[in-house]
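**Student:** Handing you a structure now.
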Amino acid sequence: ADTSRALFGASLQGSYLFSTSTRDNFLRLHEDMDEQRMWNALETAQLADVVRALPAGLDEPLGANAARLSGGQRSRLLTALALASEAEILLLDEPTTYLDIAHQLEVMEIIKRLNREHAMTVIMVLHDINHALQYADEIAVIKDRQIFSTGTPHDVLNVAMLAEVFGVRADIFTNSQG
């Protein structure tokens with residue numbers, strides 16, 4: 001079990017957060033974690049300012065399944081918990097869910113930076129095709145629980161695939177970033 005913790009960090013939709021505190025959520029996953037590592041993960045996930053603003057900071061009770069946090073803040077806390085594992089492979093399930101567009105782009109840039117600067121492999125479930133085009137090196141398109149196609153976003157994303165998988169007729173436009 002210890003080997004898999006070192007290899008994988010995960011932020012999955014529907015994950016449960018404990019009602020006790022942010023600190024307790026970290027310590028339940030990483031018993032030996034020091035406070036600085038918690039703050040580093042919270043900073044990276046852009047949640048440190050929110051936690052600092054809580055009356056008891058890291059020790060503030062979060063309520064049942066972290067109900068005191070907004071959906072976007074919960075998502076960022078799950079991401080921080082995954083980042084704190086300092087794993088080689090990061091599994092993220094819709095990391096931008098509940099975030100406004102500005103925060104979505106910030107989170108995607110953080111993930112891109114982690115991938116580039118820390119040689120961290122990132123596997124994400126994304127339903128936002130624009131995010132996949134802009135940030136993914138490789139994508140797999142799933143249809144009816146089966147892999148429909150894989151490759152670079154520009155190789156896989158085409159008019160025929162959009163029609164076949166999503167049932168939509170679309171034109172594809174690119175910008176200076178691809």
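**Student:** What are the pairs with Cβ atoms under 6 angstrom where one residue, in region 111-123, is within 14 Å of residue 134 (Cβ to Cβ) and the other, located anywhere, is open to solvent by 70 Å² or more (accessible area, probe 1.4 Å) and modelled with pLDDT under 85? Sequence gap at least six, or different chains.
**Tutor:** none
**Student:** Just to be sure I understand the filter: pairs with C-beta atoms under 9 Å, separated by 6 or more residues or on different chains, first member in region 145-160 and in contact (Cβ under 8 Å) with a residue 12 or more places away in the chain, second member among the hydroxyl-bearing types (Ser, Thr, Tyr) and not in a strand (DSSP E or B). Which pairs pass?
**Tutor:** Cβ pairs passing all conditions: 153/135; 154/174.
**Student:** Among the residues of region 68-102, what is the count of those that are over 23 Å from residue 119 (Cα atoms), in contact with a Ser or Thr (Cβ under 8 Å, 6 or more places away or on another chain) and open to solvent by 60 Å² or more (accessible area, probe 1.4 Å)?
**Tutor:** Qualifying residue count, region 68-102: 1.
**Student:** Also, I was wondering about something else. List every residue pair whose Cβ atoms sit under 6 Å apart, with the two residues 6 or more apart in sequence or on different chains, where the first one lies in region 92-105 and is under 15 Å from residue 122 (Cβ atoms) and the second, anywhere, is surrounded by fewer than 16 Cβ atoms within 10 Å (Cβ to Cβ).
**Tutor:** Qualifying pairs under 6 Å: 93/12; 93/13; 93/125; 94/13; 94/125.
**Student:** Which condition from (1) in contact with a strand residue (DSSP E or B) (Cβ under 9 Å, 6 or more places away or on another chain); (2) in a loop (DSSP other than H, G, I, E, B); (3) over 22 Å from residue 27 (Cα atoms) is the one that residue 122 breaks?
**Tutor:** (2)
**Student:** Being in a helix (DSSP H, G or I) and either in contact (Cβ under 8 Å) with a residue 40 or more places away in the chain or open to solvent by 10 Å² or more (accessible area, probe 1.4 Å) (or both) is the filter here, so list the residues in region 58-67 that pass it.
**Tutor:** As a first pass, look at region 58-67 and keep what is in a helix (DSSP H, G or I): 58-59, 64-66.
Selection gives 59, 64, 65, 66.
**Student:** Quick one: count up the residues across region 21-49 that are surrounded by fewer than 17 Cβ atoms within 10 Å (Cβ to Cβ), out of contact with any Leu (no Cβ under 7 Å at 6 or more places or on another chain) and aliphatic (A, V, I, L, M).
**Tutor:** Qualifying residue count, region 21-49: 1.
**Student:** Here's a follow-up. Among the listed residues 59, 32, identify the single one that is over 22 Å from the mean Cα position of the chain (by Cα), modelled with pLDDT under 95 and among the charged types (D, E, K, R). It would help to see each step written out before you state the result.
**Tutor:** Details: 59 fails: modelled with pLDDT under 95.
Within the list 59, 32, the selection yields 32.
**Student:** If you don't mind, another one. Which of (1) under 24 Å from the mean Cα position of the chain (by Cα); (2) assigned to a helix (DSSP H, G or I); (3) at pLDDT 95 or above is the odd one out, the single condition residue 164 does not satisfy?
**Tutor:** Single failed check for residue 164: (1).
**Student:** Okay, next question. Could you please find all residues in region 112-146 being in contact with a helix residue (DSSP H, G or I) (Cβ under 7 Å, 6 or more places away or on another chain) and surrounded by 14 or more Cβ atoms within 10 Å (Cβ to Cβ)? Can you show your working first?
**Tutor:** As a first pass, look at region 112-146 and keep what is in contact with a helix residue (DSSP H, G or I) (Cβ under 7 Å, 6 or more places away or on another chain): 112, 120, 122, 126, 131-133, 135-136, 139, 141, 143.
Within region 112-146, 112, 120, 122, 126, 131, 132, 133, 135, 136, 139, 141 qualify.
**Student:** Can you tell me which residues in region 30-56 are touching a residue at least 24 places away in the same chain (Cβ under 8 Å), more than 22 Å from residue 96 (Cα to Cα) and in a helix (DSSP H, G or I)?
**Tutor:** Selection gives 37 alone.
The values are calculated or read from the model by the stated rules, or taken from the named source; none is laboratory data. All values reported here derive from a predicted model rather than from experimental measurement. Backbone-built Cβ (ideal geometry, glycine too); neighbour counts: all protein chains shown. Heads up: the accessible areas ignore ligands, DNA and RNA and are worked out on the full protein's heavy atoms, side chains in. Shrake-Rupley method; radii C 1.70, N 1.55, O 1.52, S 1.80 Å.
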